[in-house]
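Data first, discussion second: the structure below is written as structure tokens.
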């Protein structure tokens, strides 16, 4: 679902649930649903201020909760002491690698991991409904290396 469709779906969700459709909620939805990263409430607030939209922190959190309930946004807790949010996608599970220095989050998907988690669940007499994997480490930029440098060392 593209950004504009996701925003319209959120506004339709608000109307369908007799919730107010406000300029603040729409602005928050634009930041979250059009983002290509995992944003925190602070990130959203900074972006809104940069756009000249003054939206209170409580309004941001309440709107994020509604967006999560709508199914259009997924909440992530990477153990940083705050939550991050990303647009829900029509793709299967994906995992995350997080830099413990700069906080950069990289998504990845690996079919082998999907199969492995299914097998592990079955071995313990579980039917897997979902899983989450977060790998923490230090990214190449924070280590002072670049992909091309690593490539030339191989």
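Where a number appears in this text, it was derived from the coordinates with a stated rule and is not lab data. Note that the coordinates shown come from a computational prediction; the quantities given were computed from them, not determined experimentally. Don't worry about glycine lacking a Cβ; one is built from the backbone with ideal geometry, like all the others, and counts go over all protein chains shown.
For the chain, a Gaussian network of Cα nodes joined below 10 Å ranks 80, 107, 122 by mean-square fluctuation, and the top entry is 122.
Please compute the contact order of region 36-151 in relative form: average sequence separation of alpha-carbon pairs under 8 Å and at least six residues apart, divided by the residue count, as a percent. Show your work: numbers first, answer last.
Values: 114 pairs, mean separation 23.8, N = 116.
Here the relative contact order equals 21 percent.
For region 95-143, compute the orientation-averaged projected area of the C-alpha convex hull (one quarter of its surface), in nm². Value for region 95-143: 3.9 nm². Against the chain, whose longest principal axis is taken from its Cα atoms, helix 3-16 shows a tilt of about 50°. For the pair residue 104 and residue 83, label points projected 7 Å from Cα toward Cβ lie 2.7 nm apart.
Computed over the alpha carbons of the chain, Rg followed by Dmax gives 18.4, 59 Å. Relative to the dominant Cα principal axis of the chain, helix 23-33 is inclined by about 10°.
Against the chain, whose longest principal axis comes from its Cα atoms, helix 111-123 is set at around 90 degrees.
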